[in-house]
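The next block holds one structure in the form of structure tokens; read it before the comments.
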Amino acid sequence: MSGSRKNRVILAWENPWTQIGLNDDGFPIYIVKAFEIANKYAPNVKLVYNHNGGMERKMWEKVLETSHI
């Protein structure tokens, strides 16, 4: 694939997970569902939310509120 074609493909790509939407609290539904499934099938496992970007204050407060550290 030529360099210019490759760049067009990358620029046109959209994250499909965000298309699922947000819940009433403004959190991505795919993350909420992932934690629900993990808690159901692995209830004794500590779950960690790893976010590699900036978050709004409301989201950080929710993460801190729900952490069990």
Tabulate in residue order the Karplus-calculated ³J(HN,Hα) for the stretch 20-35, using 6.51 cos²θ - 1.76 cosθ + 1.60 with θ = phi - 60°, rounded to whole Hz; enter x for Gly and Pro.
5, x, 10, 7, 5, 8, x, 9, x, 4, 5, 6, 4, 5, 4, 5
Under 5 Å, built H, 5+ apart or other chain: amide partners of Leu22:
Ile29
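Laboratory data are not the source of any read-out in this text; all were calculated from the coordinates shown. Note that the structure is a prediction, hence the values are computed from the model and not measured.
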